[in-house]
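For reference, the structure discussed in these notes is given below.
The values are calculated or read from the model by the stated rules, or taken from the named source; none is laboratory data. Computed from a predicted structure; not experimentally measured. Note that each Cβ is placed from the backbone with ideal geometry, even for glycine, and that neighbours are counted across all protein chains shown.
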Amino acid sequence: MKKISFIFVAVTLMACSSEMDSPKNQLTARLSSLAENGRIAYAHQDDLAYGHAWCVEDWESDALERSDVKDVAGKYPAMVGFDLGDIEHGSEKNLDGVPFGLMRKAALQHIARGGMVTFSWHPDNLVTGGDAWDVSSDQVVKSILPGGEKHDEFMVWLQRAADFIESLGDVAVIFRPWHENLASWFWWGGKLCTPEEYQELYRMTWRYFTKERGLSNILWCYSPNGPIPAGEYMSRYPGDEYVDILGTDIYEFVAPGESMADAGARFGAEVKDMLSTLVTLGAGHNKLICFSETGLEGIPDANWWCNALYPAIQGFPISYVLTWRNAHDRPGHFYGPWKGYGGEEDFKAFAAQDKILLLD
């Protein structure tokens, strides 16, 4: 693939800024350098909080050094993902049972050891009282925007999410709110609000965090579900001012009657098509690009890492790829490697690729 250099314009421009050494600019430069050199940071969701058959019980005294990825490859993922779901209620734990105190400690420790951290957010449905997947009302986004009947309540939710990011101190993180917004499985999805309402939701979140709270340490990631054409991808784009990274979420699945080989081939074609679109959009908007979520639940293909994932992302200037979590309480719900799983050797081979970055 032709070498892509668009993403480095932002870093060049930052050299003229007095804020060149800010945590956000340092993280931007690091991600840009990875992409420039054809390297992709591997990220895993909730990696330090629990794994396939274990869970941190006493996070305050635990060193938080265990990792399913490290158990297999001998290295930590270069990036760890966490989710802020339930922070909106002032809860002690998130929607997957991870204490926010643990999350804070793990994030800071991982950054201190040279890693990176990304946050998503699955807030509950403020209108119905259901979870993020409750799509029984198409009035939720409208109701939480300025002038809506739930706006003041939602601003408290934003405050609690911003409080957590602020509590991390002077470190830079990636924040990926309102993701997979072109499908309709979340209350902020395609059929649940207009493009204008979605854009205002994203901008309102950005303005509160950035302008009202002064949180200048965040790289903002816009990540619709894919694969989709460029026009559809940009149909709800909030604007260049509000976005630092263009991402996409694409999972592999085996359709009824489909073979594993055919599913892998379809997945690879979808990913390549979508990443090609992101390359073009990233160049046009001077943005970093990433593969913000992916995986194959239960990884029934023992060679998935080297035969499906790596060929799909190889050669694209994405700064990172994140596979979802390994649930400790649901044996078949895992997307990353773990000691003893059938594809262990394949993951080791994937991790050993010169272009894949893990962390010692």
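Here ARG207 clears all of (1) in contact (Cβ under 8 Å) with a residue 12 or more places away in the chain; (2) among the charged types (D, E, K, R); (3) in contact with a helix residue (DSSP H, G or I) (Cβ under 9 Å, 6 or more places away or on another chain); (4) assigned to a helix (DSSP H, G or I) except the condition numbered (1). Residues of segment 158-167 include none that is part of a loop (DSSP other than H, G, I, E, B) and surrounded by fewer than 16 Cβ atoms within 10 Å (Cβ to Cβ).
Considering the conditions (1) under 27 Å from LYS24 (Cβ atoms); (2) surrounded by 21 or more Cβ atoms within 10 Å (Cβ to Cβ), ASP68 is excluded by exactly one of them, (1). The number of residues in segment 279-319 that are closer than 20 Å to GLU345 by Cβ, touching an Asp or Glu at 6+ places or on another chain (Cβ under 7 Å) and among the aliphatic types (A, V, I, L, M) comes to 3. If you go through segment 235-250 and keep only what is aliphatic (A, V, I, L, M) and more than 25 Å from SER216 (Cα to Cα), you end up with just ILE250. Just one of the listed residues (ASP273, ASP346, ASP262, ASP301) is surrounded by fewer than 18 Cβ atoms within 10 Å (Cβ to Cβ) and either touching a residue at least 12 places away in the same chain (Cβ under 8 Å) or among the small types (Gly, Ala, Ser) (or both), and it is ASP273. Restricting the first member to segment 157-182 and to residues that are on the phi < 0 side of the Ramachandran plot and at pLDDT 95 or above, and the second to residues that are among the β-branched types (Val, Ile, Thr) and assigned to a loop (DSSP other than H, G, I, E, B), the beta-carbon pairs closer than 8 Å and six or more apart or on different chains are LEU182/ILE228. Got at least one residue in segment 222-236 being free of Cβ contacts under 8 Å to residues at least 12 places away in the same chain and surrounded by fewer than 16 Cβ atoms within 10 Å (Cβ to Cβ)? Yes, segment 222-236 contains a residue that is free of Cβ contacts under 8 Å to residues at least 12 places away in the same chain and surrounded by fewer than 16 Cβ atoms within 10 Å (Cβ to Cβ). Restricting attention to segment 316-359 and to residues that are part of a helix (DSSP H, G or I) and aromatic (Phe, Trp, Tyr), the residue that is farthest from LEU296 (Cα to Cα) turns out to be PHE350. For first residues located in segment 193-204 and within 19 Å of SER136 (Cα to Cα), partners that are modelled with pLDDT of 95 or more and hydroxyl-bearing (Ser, Thr, Tyr) and lie 6+ apart or on another chain with Cβ distances below 6 Å form the pairs PRO195/SER235.
One residue alone among ASP134, ASP83, ASP152, ASP170 is touching a strand residue (DSSP E or B) at 6+ places or on another chain (Cβ under 8 Å) and acidic (Asp, Glu), and that residue is ASP83. The condition (being farther than 28 Å from ILE289 by Cβ, out of contact with any Lys or Arg (no Cβ under 9 Å at 6 or more places or on another chain) and not basic (Lys, Arg)) is satisfied by just one residue among VAL127, VAL156, VAL171: VAL156. Applying the criterion of being hydrophobic (A, V, I, L, M, F, W, C) and assigned to a loop (DSSP other than H, G, I, E, B) to the residues of segment 129-148, the residue that is nearest to PRO195 (Cα to Cα) is LEU145. Exactly one residue out of LEU95, LEU108, LEU64, LEU126 is among the hydrophobic types (A, V, I, L, M, F, W, C) and assigned to a helix (DSSP H, G or I), and it is LEU108. The residue of segment 137-155 that is surrounded by the fewest Cβ atoms within 10 Å (Cβ to Cβ), among those that are in contact with a helix residue (DSSP H, G or I) (Cβ under 8 Å, 6 or more places away or on another chain) and without any contact (Cβ under 8 Å) to a residue 12 or more places away in the chain, is GLU149. Selection of segment 38-61 for residues being of a type in the set (Ser, Thr, Tyr) and assigned to a loop (DSSP other than H, G, I, E, B) yields only SER61.
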